[in-house]
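Q: Before I ask anything, let me first share the structure, which is written out below as structure tokens.
Just so it is clear, none of the values below were taken in a lab; they were calculated from the coordinates. On a predicted model such as this, the values are computed, not experimentally measured, just so you know. So basically every Cβ, Gly included, is an ideal-geometry build from the backbone, and we count neighbours across all protein chains shown.
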There are 2 protein chains.
Amino acid sequence: MATPNADHIFAALADATRRDIVLRTLAGREGVAELASHYSMSFAAVQKHIAVLERAGLVTKERTGRRKVVLTNIEGLNLARSLLDQYETLWRGRVERMTNLIASTEEIHA
Amino acid sequence: MATPNADHIFAALADATRRDIVLRTLAGREGVAELASHYSMSFAAVQKHIAVLERAGLVTKERTGRRKVVLTNIEGLNLARSLLDQYETLWRGRVERMTNLIASTEEIHA
DNA sequence: CATTGATACAACCATACGGTTGTATCGCCG
DNA sequence: CGGCGATACAACCGTATGGTTGTATCAATG
């Protein structure tokens, strides 16, 4: 896990193939070759996608025999979630402030 | 709002400047020029960042006089959140299945 | 209606990204 | 240890991205 910051995480998620790989790693224990077989691109291309996910801290690889199983790293996903939650919280606060403002304005008008 | 899909949304969020712009649009009602003044890059560059956010459906622009106020579009953010929530749900299910598996194994060993 | 303020857009440049093919490493097995 | 299966890595190519400067649009104001 090199530098798993928000930039890398969101960039990694900004590709449909990579999001699909994340889903597959959540569902089962597939190696690089198995994952690659699902997509109509070269093995190396899928390998690169996995590397991007790994660099972002979204997946890890576990050696089993001569294969490497790709595993979800839920902490990376949670980091992204917490950031979006922060936005949502701020949004709620904003709406609340606006509601209060409208309420006080109505008081004046009353 | 052109094609606000997951690709665009995550790509838009994969840049620190753009995430900061989102935060500022959540905090107050700033125009393009005000937003641009916060960053050490050209006006046009910030304008482009805002355009990316707009294309992703994360912000909208509202004309007020000769200015344009940049506003958060919470629905875009919620789309990203719901995707990550889906991952989290799948993860929970996965952990649960593993727990059950371990439990049944222990039964056999008992 | 000419000017100024605020925003938009086009052209251009350097670098990053997604894909390819080819070669190298690594672990198992006969 | 030779060979094969599985993964990794390097070089290359076209296109997208992030930045710049310069020009154009558009709305308020004197």
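Q: Give the lysines whose C-alpha is closer than 29 Å to that of B:Lys68, dropping any in the same chain fewer than 8 places away, or say none.
A: B:Lys48
Q: Within 10 Å of each Cβ in A:12-24, how many Cβ atoms from other chains are there, averaged over the peptide? Each step should come with its number before you reach the end.
A: Working: counts 2, 11, 10, 4, 3, 0, 1, 5, 0, 0, 4, 3, 0.
Across A:12-24, the average partner-chain Cβ count within 10 Å equals 3.
Q: Just tell me how shielded A:67-78 is by partners: mean number of partner chain Cβ atoms within 10 Å of each residue's Cβ, no decimals.
A: 2
Q: Given H placed 1.01 Å from N in the peptide plane, which residues other than close sequence neighbours of B:Glu30 have an amide H under 5 Å from its amide H?
A: Placed amide hydrogens put B:Val70 under 5 Å from B:Glu30.
Q: Moving on. What is the mean number of Cβ atoms from other protein chains located within 10 Å of the Cβ atom of each residue in peptide A:86-97, rounded to a whole number? Please list the in-between numbers first.
A: Working: counts 3, 13, 5, 1, 7, 6, 1, 2, 6, 1, 0, 0.
For this peptide, the per-residue mean of nearby foreign Cβ atoms is 4.
Q: Find every distance from the label point of B:Thr99 to the corresponding label point in the other copies (7 Å from Cα along Cα→Cβ) and write them in nm, one decimal, shortest first.
A: 3.4
Q: Full extension from B:Asn78 to B:Thr105: what is 0.36 nm times the residue separation minus their Cα-Cα distance, to one decimal in nm? Mind dumping the intermediate values first?
A: Details: separation 27, 0.36 × 27 = 9.72 nm, distance 4.03 nm.
Full extension of this stretch gives 5.7 nm more.
Q: Mind ordering B:48-60, A:79-91, A:45-57 by average Cβ neighbours within 10 Å, highest first?
A: Peptide ranking by packing, descending: B:48-60, A:45-57, A:79-91.
Q: I'd like the orientation of helix B:16-27 relative to chain B: the angle between its Cα long axis and the longest Cα principal axis, in ° from 0 to 90, rounded to 10.
A: So the helix axis and the longest Cα principal axis differ by about 80 degrees.
Q: Which value in deg cm²/dmol, rounded to the nearest 500, describes the helix-derived mean residue ellipticity at 222 nm for chain B, given -39,500 (n - 2.57) per DSSP H run of n ≥ 4 and division by the residue count?
A: Rounded to the nearest 500, it is -22500 deg cm²/dmol.
Q: Something else now. Equivalent ellipsoid semi-axes for chain A, as square roots of 5 times the alpha carbon gyration tensor eigenvalues: give them largest first, rounded to whole Å.
A: Values for chain A, descending: 44, 13, 11 Å.
Q: What is the sum of charges around B:Ala11, taking Lys and Arg as +1, Asp and Glu as -1, for the other residues whose C-beta is under 15 Å from the C-beta of B:Ala11?
A: My count for the surroundings of B:Ala11 gives +1.
Q: Over the stretch A:27-107, what relative contact order in percent results from Cα pairs under 8 Å that are six or more residues apart?
A: Relative contact order here is 22 percent.
Q: May I have the convex hull volume per residue, in Å³, for the Cα set of the protein assembly as shown? Could the numbers behind the result be given before it?
A: On the way: hull volume 37.4 nm³, N = 220.
Normalising the Cα hull of the protein assembly as shown by residue number yields 170 Å³.
Q: Right, here's the next one. So how do A:25-37, B:92-104 stack up, highest first, on mean other-Cβ count within 10 Å?
A: On the way: A:25-37: 15.9, B:92-104: 10.7.
The packing order, highest mean first, is A:25-37, B:92-104.
Q: Based on alpha-carbon centroids, what's the gap between the stretch A:33-62 and the stretch B:5-40 in Å, whole number please?
A: One Cα centre to the other: 30 Å.
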